[in-house]
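Heads up: the structure comes next, in structure tokens.
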Protein chains: 2
Amino acid sequence: MRIGELAQRSGVSPRALRYYEQNGLIRARRSTNGYREYDEADVRLVAEIRSLIAVGFTLEDARPFVECLKAGHESGGSCPESVAVYRRKLADIDADIRSLLARRSEVAAQLAQACPGCLITRGES
Amino acid sequence: MRIGELAQRSGVSPRALRYYEQNGLIRARRSTNGYREYDEADVRLVAEIRSLIAVGFTLEDARPFVECLKAGHESGGSCPESVAVYRRKLADIDADIRSLLARRSEVAAQLAQACPGCLITRGES
DNA sequence: CTTGACCTTGACACCGGCGTCAACGCTTAC
DNA sequence: GTAAGCGTTGACGCCGGTGTCAAGGTCAAG
């Protein structure tokens, strides 16, 4: 299939697909007229990428998963490199959450100081 | 004082100060040669901006606080507009935290599915 | 032959808060 | 005079994942 069909079936734009290719995530065969030609496996690759993007992964993060699928594994996350990314992302998310909680309390403290009584305390255990 | 001194005393770069001015947060008088001229009140304004930036506010968010100080209030957060920003930011942060928690559990679920046993469950209560 | 729908590459725009460089003016010290 | 060290404005770069437009090639249908 060509890029338009893959785009429709994957729910992404042709632009995005070209961008993935530009970053080495998906290589397309070229037909004689220069058009990109994809197969069913590529649909799977794009789905993997989108599902990772959806949970906040970057394209760089997605790379090992795509490679894992290309290598023939039935799941993109079953390779050690993918698992390493999973762990790292979990750690990143945890760090972000801690950072947000800290910022939240700082903001609440500033508000309490600037305007005592403005902050409705609820569940500050 | 001129921009270099204000920059040193505030711990920001001259570039940042010009950027704040460009965004209408701080106006500087101009001496006859065109140099920006600041006073002590400006030191306070910059400090307010930096303290807000430090907790994740944008310059737009900081604007009401600066205006509040300019209006003569002793605290930048004591004006109703500032309090509104405080509340909005707290809501934003809470939303971000919820989003991160959701993403965290999705990632953990994907990891658990792709590689059962890889995820060391700890305190998932 | 022409229209129109598809494809190609290349490049600019976005968002925020600056860093950095260019090219130039002012002021002071030597 | 001149060099150093301040100041000025203007403009590009960054980061990620596209959207969007430009200018053109390809191909099937009428």
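Before we move on, is B:Gly77 within 7 Å of chain A (Cβ to nearest Cβ), crowded, with 16+ Cβ neighbours inside 10 Å and on the phi > 0 side of the Ramachandran plot? No: the conditions fail for B:Gly77. Only one of the listed residues (B:Phe65, B:Phe57) is closer than 18 Å to A:Ser105 by Cα, more than 8 Å from chain A (Cβ to nearest Cβ) and either hydroxyl-bearing (Ser, Thr, Tyr) or in contact (Cβ under 8 Å) with a residue 12 or more places away in the chain (or both). That residue is B:Phe57.
Each residue in the stretch A:33-54 was checked for being under 21 Å from B:Arg103 (Cα atoms) and hydroxyl-bearing (Ser, Thr, Tyr), and 1 of them qualify. When the residues of the stretch B:24-54 are filtered to those that are part of a loop (DSSP other than H, G, I, E, B) and touching a helix residue (DSSP H, G or I) at 6+ places or on another chain (Cβ under 7 Å), the one that is farthest from the other protein chains (Cβ to nearest Cβ) is B:Ala28. A count restricted to the stretch A:90-115 and to residues that are open to solvent by 50 Å² or more (accessible area, probe 1.4 Å), within 9 Å of chain B (Cβ to nearest Cβ) and within 16 Å of B:Ala108 (Cβ to Cβ) stands at 1. Scan the stretch A:41-48 and tell me whether some residue there is open to solvent by 20 Å² or more (accessible area, probe 1.4 Å) and either more than 17 Å from the chain's Cα centre (by Cα) or among the small types (Gly, Ala, Ser) (or both). Yes, the stretch A:41-48 contains a residue that is open to solvent by 20 Å² or more (accessible area, probe 1.4 Å) and either more than 17 Å from the chain's Cα centre (by Cα) or among the small types (Gly, Ala, Ser) (or both).
Consider A:Gly4 carefully, then state whether it is of a type outside the set (Phe, Trp, Tyr), within 16 Å of DNA strand C (Cβ to nearest atom) and not in a helix (DSSP H, G or I). The answer is no for A:Gly4. With respect to the conditions (1) within 19 Å of B:Tyr86 (Cα to Cα); (2) more than 9 Å from DNA strand C (Cβ to nearest atom); (3) not small (Gly, Ala, Ser), B:Arg36 lacks only one, and its number is (1). For the stretch B:116-123, the criterion of being more than 16 Å from DNA strand C (Cβ to nearest atom) and surrounded by 15 or more Cβ atoms within 10 Å (Cβ to Cβ) is met by at least one residue.
The values are calculated or read from the model by the stated rules, or taken from the named source; none is laboratory data. As the structure is a computational prediction, the values presented were derived from the model and not from experiment. Every residue, glycine as well, gets a Cβ built from its backbone with ideal geometry; the counts of neighbours run over all protein chains shown. Calculation scope for accessible area: heavy atoms of the full protein, side chains included, ligands and nucleic acids excluded. Shrake-Rupley method; radii C 1.70, N 1.55, O 1.52, S 1.80 Å.
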